[in-house]
Amino acid sequence: MFYYNVSNFVKALLDVDIDTAKRLYEQFNNDYPVFVTRNLHKAKLWVRSQAKGSQRYGLTASSGAKRLRKYGIWVQNKIEATNWFLNGKNDVRSSFHLEETATEFDIQGLELDWTIVCWDADLRFENGDFKHLKFVGTKWQNIKSADNILYLKNAYRVLLTRARQGFVIFVPSGDETDTTAKPEYYDGIYRYLKSVGIKELE
């Protein structure tokens, strides 16, 4: 039941169906926790504290999240799936180490117990709707192709539905000195996630 509600919640979230997203979140959040934070260190501490026994956790982000690199989230560095998904906590290449980041390509059809979903400015929220972009060279460009817009939306749907037990969304605060990572690129995302009722990670 929780999985069904989470899947529908993610759909409503990405469809900007705020009322449905809020209602579904309230139904499952006590049993399947979902939080938002602007502090990546807090997110890492949380997933580590939640995982019991052999439960697995890891960092995820969209393949277009190229400006998260400044936060140590480098999606252009290809993971070795067997190392990331199977190796133990003493292996720096494993998901447990929270250094290497899996994208939608790596994690499609697979699950972890707990995830950190790192949200970049490729899927922004402005003026009541999502804005779809790609980072090319030194700047963000609007995505105009309907197919590519749908692909980006689906990438985030995949990332937001990979956790069996719960997840936390990391939204950077941005950097006023960096024109590719301005705070306003991220503030809209954060405010939108809060508007559907997602709780702040304490």
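The values are calculated or read from the model by the stated rules, or taken from the named source; none is laboratory data. These numbers come from a predicted model, not from an experiment. Every residue, glycine among them, receives a Cβ derived from its backbone with ideal geometry; neighbour counts consider all protein chains shown.
Every residue in segment 115-142 that is over 27 Å from GLY58 (Cβ atoms), out of contact with any Gly (no Cβ under 8 Å at 6 or more places or on another chain) and either in contact (Cβ under 8 Å) with a residue 60 or more places away in the chain or among the β-branched types (Val, Ile, Thr) (or both), please. Selection gives GLY128, ASP129, VAL136, THR138. If only residues of segment 46-105 that are hydroxyl-bearing (Ser, Thr, Tyr) and part of a loop (DSSP other than H, G, I, E, B) are counted, the one that is nearest to the chain's Cα centre (by Cα) is SER62. Taking TRP74 as the residue in question, decide whether it is in contact with a Ser or Thr (Cβ under 9 Å, 6 or more places away or on another chain), crowded, with 22+ Cβ neighbours inside 10 Å and more than 22 Å from LYS52 (Cβ to Cβ). Criteria not met by TRP74.
Yes/no per residue for (1) modelled with pLDDT of 95 or more; (2) under 24 Å from TYR25 (Cβ atoms); (3) not in a strand (DSSP E or B):
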residue	(1), (2), (3)
TRP140	yes, no, no
LEU152	yes, yes, yes
ARG157	yes, yes, yes
GLY174	yes, no, yes
ASP178	yes, no, yes
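Confirm whether ASN90 is in contact (Cβ under 8 Å) with a residue 24 or more places away in the chain and surrounded by fewer than 14 Cβ atoms within 10 Å (Cβ to Cβ). No; evaluated as a whole, the condition is false for this residue.
Just so you know, in segment 4-47 the residues that are over 18 Å from PRO172 (Cα atoms) and free of Cβ contacts under 8 Å to residues at least 12 places away in the same chain include one that is surrounded by the fewest Cβ atoms within 10 Å (Cβ to Cβ), and it is ASN30. When ALA51, ALA81 are checked against the criterion of being surrounded by fewer than 19 Cβ atoms within 10 Å (Cβ to Cβ), touching a helix residue (DSSP H, G or I) at 6+ places or on another chain (Cβ under 7 Å) and either within 17 Å of THR101 (Cα to Cα) or not aromatic (Phe, Trp, Tyr) (or both), a single residue qualifies: ALA81.
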